[in-house]
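Notes to accompany the following structure.
The values are calculated or read from the model by the stated rules, or taken from the named source; none is laboratory data. Since the structure is predicted, the reported quantities are computational estimates derived from the model, not experimental observations. Cβ sites come from the backbone with ideal geometry, for glycine too, and all protein chains shown count toward neighbours. Just so you know, the surface numbers come from the protein's heavy atoms only, side chains and all, with ligands and any DNA or RNA stripped out. Shrake-Rupley method; radii C 1.70, N 1.55, O 1.52, S 1.80 Å.
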Protein chains: 4
Amino acid sequence: MKFTWPVRVYWEDTDAGGVVYYANYLKFMERARSEWLRALGFEQDVLRDEHQIVFVVRRVEVDYLAPARFNDALEVAVSLKRIGGASLVVEQTVARGVTALIAARVTLACVDAAQFKPVKIPAFILSALEPAP
Amino acid sequence: MKFTWPVRVYWEDTDAGGVVYYANYLKFMERARSEWLRALGFEQDVLRDEHQIVFVVRRVEVDYLAPARFNDALEVAVSLKRIGGASLVVEQTVARGVTALIAARVTLACVDAAQFKPVKIPAFILSALEPAP
Amino acid sequence: MKFTWPVRVYWEDTDAGGVVYYANYLKFMERARSEWLRALGFEQDVLRDEHQIVFVVRRVEVDYLAPARFNDALEVAVSLKRIGGASLVVEQTVARGVTALIAARVTLACVDAAQFKPVKIPAFILSALEPAP
Amino acid sequence: MKFTWPVRVYWEDTDAGGVVYYANYLKFMERARSEWLRALGFEQDVLRDEHQIVFVVRRVEVDYLAPARFNDALEVAVSLKRIGGASLVVEQTVARGVTALIAARVTLACVDAAQFKPVKIPAFILSALEPAP
């Protein structure tokens, strides 16, 4: 199961090397994760305000395979790989057509919105992430 | 009275046109305003947490005179132009040596940190802004 | 004639005040201008590579009327106000539903891609900007 | 041998969670790498314009240990771990006083500035990286 989200490269995303600046792919990946959660039925401001939880990044590994350039139309993907009690691991890619540009692995922790301490992922989220067989 | 703050141009600041992206000068200007307030004795996290006030931008006018490029060493200036009951007007410039790159005018409002409603600038800040004659 | 473009507010756009950081609205406005040019038939990488021209911002005036927050669905508008020989003036707004958040006026200059010197806006662009009566 | 560079957290760096946005630590790390190269005697615009080389990031691994907040004074470190023919591996940390916030490992490739194809690291750079015994 893979969720994908389109991202257009604007001037803001590029640098004087003529390519997308390396940190900005992490913005693209976060947008795709936000839209993936929305597609599953979860608005993060509601999760924060009504359930006092936020998903934060604990670890990223990113391989930069090929550069994106100004005006490129990209596709950012999210695949859920592992569900822990208080964490998730997703794999993400950024591609331009059939060309893979980025391959990444992101560990997300579920934390309380005030103290950023780890908390268990609520059951109503787990059940959306783990579709019944 | 003019306060100045040095800013180095890194890759993150530039775009594929080979110059600093136009929105990023507003980051440089905000850094200089933050350091100007610090030089006057005010830490903005203390202002927010202990005095419940934040300074927010109400209006900016920016003239882009010449581009900055990767690796440039810039100087960002702040000059206080007007003090109102709940607002300040500052003029700001960004320069590379004797070359003016940016000329700007920024209106700041003093607001309460929770609702962003205008509040009077506290007397202890006004007295620091208006040195005795 | 008003062109509009949707923008979603992600974590990257916000700051610790809980609102969209003031410089980031200039990114939203540039995205809308890029999409407006695309809707008129112009890809900026083609303009740069085949016609050696780039549109750069010469001046912005921005009034910050109300803050956008995380997860907001915004609409960014572009209206052409004036056409000069080597420049354009557009008015732009950012709104959340019927609530105006930003009102801006942006002066764009047509420059050569190498030296950033002003050049006349090519006739094929002018004719697209000025629809026949 | 460890090179360190101070970074102040401004509003631009934070997000509505009240902490530094996760992608922005990669900006901090790139600033420290740029200053490390400068301290070794290398200006990247000179490397690009006169030697036609650019260092680009091939891979990053980042562990987010604790969040930085608005106004924090951080220290970003760079330690060279491995020198290959056309690549370098550095370890980087971001700390606030004695508290480690970020631990990262970054692989940099030396590429030609036009095509981004790998090229050997020039001898004059290698000799600066590998001090004589």
message: If I ask for residues that are assigned to a helix (DSSP H, G or I), touching a strand residue (DSSP E or B) at 6+ places or on another chain (Cβ under 9 Å) and of a type in the set (A, V, I, L, M), which ones from the stretch D:26-59 would you list?
response: D:26, D:29, D:32, D:37, D:39, D:47
message: Name the single residue that is most open to solvent (accessible area, probe 1.4 Å) among those in the stretch D:82-133 being part of a helix (DSSP H, G or I) and in contact (Cβ under 8 Å) with a residue 60 or more places away in the chain.
response: D:128
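Can you tell me which of B:65, B:47, B:40 is in contact with a Pro (Cβ under 9 Å, 6 or more places away or on another chain) and surrounded by fewer than 20 Cβ atoms within 10 Å (Cβ to Cβ)? Outline the logic, then answer.
Values: B:65 fails: in contact with a Pro (Cβ under 9 Å, 6 or more places away or on another chain); B:40 fails: in contact with a Pro (Cβ under 9 Å, 6 or more places away or on another chain).
After ruling out the rest, the residue left standing is B:47.
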field: Residue satisfying all of: in the stretch D:104-128; more than 15 Å from residue D:85 (Cβ to Cβ) and aliphatic (A, V, I, L, M); nearest to the chain's Cα centre (by Cα) among these
entry: D:106
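On the basis of being under 18 Å from residue B:6 (Cα atoms) and of a type in the set (Lys, Arg), does residue B:38 make the cut? Spell out the reasoning first.
Numbers: under 18 Å from residue B:6 (Cα atoms): yes; of a type in the set (Lys, Arg): yes.
Yes: the conditions hold for residue B:38.
In the stretch D:26-55, which residues are among the hydrophobic types (A, V, I, L, M, F, W, C) and at the interface with another protein chain (Cβ under 7 Å from one of its Cβ atoms)?
Of all residues in the stretch D:26-55, those among the hydrophobic types (A, V, I, L, M, F, W, C) come to D:26, D:28-29, D:32, D:36-37, D:39-40, D:42, D:46-47, D:53-55.
Those that are among the hydrophobic types (A, V, I, L, M, F, W, C) and at the interface with another protein chain (Cβ under 7 Å from one of its Cβ atoms): D:26, D:54.
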message: Residue under question is residue B:92, and the condition is that it be at the interface with another protein chain (Cβ under 9 Å from one of its Cβ atoms) and farther than 30 Å from residue A:68 by Cα; does it hold?
response: no
message: Restricting to the stretch B:1-25, and then to whatever is more than 12 Å from chain A (Cβ to nearest Cβ) and not in a strand (DSSP E or B), can you tell me which residue is least open to solvent (accessible area, probe 1.4 Å)?
response: B:25
field: Index of the failed condition, residue B:97 passing every other in (1) on the phi > 0 side of the Ramachandran plot; (2) within 14 Å of another protein chain (Cβ to nearest Cβ)
entry: (2)
